[in-house]
Amino acid sequence: MYPYLRLAKVLIIKRSQSKLDFYSRDSDTISLMVLPQDLDPFLELNNGRYVTLLDLGRYGYGARVGINSFLKKNRWSLTIAGTYNEYRHRLRLFQKFELKTKIIGYDADWFYFFQKIERKGKTHMASIVKYAFTSKNGIVKPKEVVAAMGENYDPSELPKWVTEIGKHQVFKKEISALRSVTKNEKT
């Protein structure tokens, strides 16, 4: 089940904290604990649950930058387009950890979050999250979003390593591979 109570707690806490600028290089941090519903059969934080908990970090960050009023004003929403995750160390039942979230930047098509889960200074999991603003007509390009923010559009500030990750589109590659296999089977 989705962690609605944790989400409510995060939003309440974040609304009372000082605001962050959307372009801030600072991370927003939330403190969490591994609960019984987060465990997999190996009695550690489930990989899928990590990804769900990352939502809490993005909602908390959004609350601190005041994204809801911006979205309402423009009649936009947000959608996740992809994630790249790496896992390094296990988290066990009742262990406390911190989830850090920040915006890395944008390219011509997407915006990017960097999120990591740390415990006692050690990174247990890190993620690049590719996302987009959407309207009733589909995806709104970063150039239009940035203009609506009253900022100068400059996708060149995105680190190259993030741009490389953003170029990978597994879905398109899988569809292409399936078409190739189907084509070869017919001949």
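The values are calculated or read from the model by the stated rules, or taken from the named source; none is laboratory data. All of these numbers come straight from a predicted model, not from anything done at the bench. Neighbour counts run over all protein chains shown; Cβ positions are idealised from the backbone, glycine included.
Kindly indicate whether Tyr112 is aromatic (Phe, Trp, Tyr), touching a strand residue (DSSP E or B) at 6+ places or on another chain (Cβ under 6 Å), free of Cβ contacts under 8 Å to residues at least 60 places away in the same chain and part of a strand (DSSP E or B). Write out each step before concluding.
Numbers: aromatic (Phe, Trp, Tyr): yes; touching a strand residue (DSSP E or B) at 6+ places or on another chain (Cβ under 6 Å): yes; free of Cβ contacts under 8 Å to residues at least 60 places away in the same chain: yes; part of a strand (DSSP E or B): yes.
When the stated conditions are applied, Tyr112 passes them.
The condition (being over 18 Å from the mean Cα position of the chain (by Cα) and without any contact (Cβ under 8 Å) to a residue 24 or more places away in the chain) is satisfied by just one residue among Pro41, Pro36: Pro41. Mind listing whichever residues of the stretch 1-24 are touching a residue at least 60 places away in the same chain (Cβ under 8 Å) and surrounded by fewer than 15 Cβ atoms within 10 Å (Cβ to Cβ)? Listed by number, the residues that qualify are Tyr23, Ser24. Among the conditions (1) at positive phi; (2) outside any strand (DSSP E or B), Gly105 misses just one, which is (2). Among the candidates Ser31, Ser18, single out the residue that is small (Gly, Ala, Ser) and assigned to a strand (DSSP E or B). After applying the criteria, what remains is Ser31. Within the stretch 88-98, can one find any residue that is farther than 23 Å from Leu7 by Cα, surrounded by fewer than 17 Cβ atoms within 10 Å (Cβ to Cβ) and out of contact with any strand residue (DSSP E or B) (no Cβ under 9 Å at 6 or more places or on another chain)? So far as the stretch 88-98 goes, no, none of its residues is farther than 23 Å from Leu7 by Cα, surrounded by fewer than 17 Cβ atoms within 10 Å (Cβ to Cβ) and out of contact with any strand residue (DSSP E or B) (no Cβ under 9 Å at 6 or more places or on another chain). Would you confirm whether any residue within the stretch 140-149 is touching a residue at least 60 places away in the same chain (Cβ under 8 Å), over 18 Å from Ser27 (Cβ atoms) and in a strand (DSSP E or B)? Yes, the stretch 140-149 contains at least one residue that is touching a residue at least 60 places away in the same chain (Cβ under 8 Å), over 18 Å from Ser27 (Cβ atoms) and in a strand (DSSP E or B).
Candidates in the stretch 122-173 are the residues that are at pLDDT 95 or above and exposed (fewer than 10 other Cβ atoms within 10 Å of the Cβ); of these, the one that is nearest to Leu45 (Cα to Cα) is Gly138.
Every residue in the stretch 25-46 that is modelled with pLDDT under 95 and buried (at least 17 other Cβ atoms within 10 Å of the Cβ), please. The one that is modelled with pLDDT under 95 and buried (at least 17 other Cβ atoms within 10 Å of the Cβ): Ser27. The listed residues are Tyr50, Tyr4, Tyr59, and the only one of them that is aromatic (Phe, Trp, Tyr), closer than 26 Å to Ala148 by Cα and at pLDDT 95 or above turns out to be Tyr59. For the stretch 65-79, the tally of residues that are modelled with pLDDT under 95 and surrounded by fewer than 15 Cβ atoms within 10 Å (Cβ to Cβ) stands at 3.
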